[in-house]
Structures are given as structure tokens and as C-alpha cells.
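These notes concern the structure reproduced below.
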């Protein structure tokens, strides 16, 4: 089976890891199997714990329900549901950064009373 070099710049750990991942395999799972576990939470593509920004290459992440098409088009991905399709270089993101990009317009607008933010009453 053909494999691809996957480079992960793990910002929070100040480490860079490069491993070969078999084509079609989930990147997160392959890294774990090779002794290099990466951050994750749900493994279902629904949260942002394993979020990365693509620096070079492309990933197949059609199962990434936790990222909108807009955010994916801006270069973000979720490693738990990302499959190796070619050489790839990514950088981990802070979970809160990506969560804010995805959901910030819906949350964090202050206390709500009677369905309106307090500053709008």
C-alpha cells in the first residue's frame, strides 16, 4: 500500500512530527498506532480538539461535521477524520480558536434575558 509523509507542527508541545501514513488511513489513528498520539476528543469530526491548519497539501475530510465548508475552504481540518491522500504539512490550532471561528457568531454575546442580549433591551 502506498503511504504519504505527514508532518504535524504541534504548537502546544513545540514539536514537529513526521510519519508516513498509508493512503486512505485516518491520520490521527495512524499517528497513534505509530506511537505519536495527537490531541483529540470525540474522534467523530464533531468537535475542534484535533483541529489543524493546512500549510501544504490537501486532506480528505468529508466526514468533518464540526467544521463548516467555509472554514474548511480557509485551510482548517480535523485530523480525526482526515485521510492521507498525499504529502501533507499541518499545524495544530488551539481548540478555542477554531471553536470561535466555527461557532463564535452564535455564542459569547453576553447574558440573555427574554431571548435578547441585555444590551439590546
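Bear in mind these aren't lab numbers, they're just calculated from the coordinates by the rules spelled out. Just so it is clear, the structure is predicted and the values come from calculations on it, not from any experiment. Counting neighbours? That spans all protein chains shown, and the Cβs are built from the backbone with ideal geometry, glycine included.
Ranked by how many other Cβ atoms sit within 10 Å of their own Cβ, fewest first, the residues 92, 48 fall in the order 92, 48. Length gained on full extension, residue 11 to residue 36: 7.5 nm, using 0.36 nm per residue less the C-alpha separation. Taking 0.36 nm per residue of separation and subtracting the current Cα-Cα distance, fully stretching the chain between residue 1 and residue 20 would add 5.7 nm.
With Cα atoms defining each centre, the range 78-94 and the range 1-61 are spaced 5 Å apart in the structure.
Inter-label distance, residue 73 to residue 94: 2.7 nm, where each label sits 7 Å from its Cα along the C-beta direction. When semi-axes √(5λ) of the Cα gyration tensor in Å is calculated for this entry, the matching label among (1) 26, 20, 11; (2) 21, 17, 14; (3) 32, 14, 12 is (3).
Helix-only mean residue ellipticity at 222 nm, the chain, DSSP H runs n ≥ 4 weighted -39,500 (n - 2.57), per residue, nearest 500. What is it?
That calculation yields -4500 deg cm²/dmol at 222 nm.
Each of 29, 15 has some number of other Cβ atoms within 10 Å of its Cβ, and from fewest to most they run 15, 29. When you restrict to C-alpha pairs under 8 Å that are six or more residues apart and normalise by the size of the chain, the relative contact order lands at 29 percent. Remark: 73, 68 ranked as 73, 68, counting other beta-carbon atoms within 10 Å and listing the fewest first.
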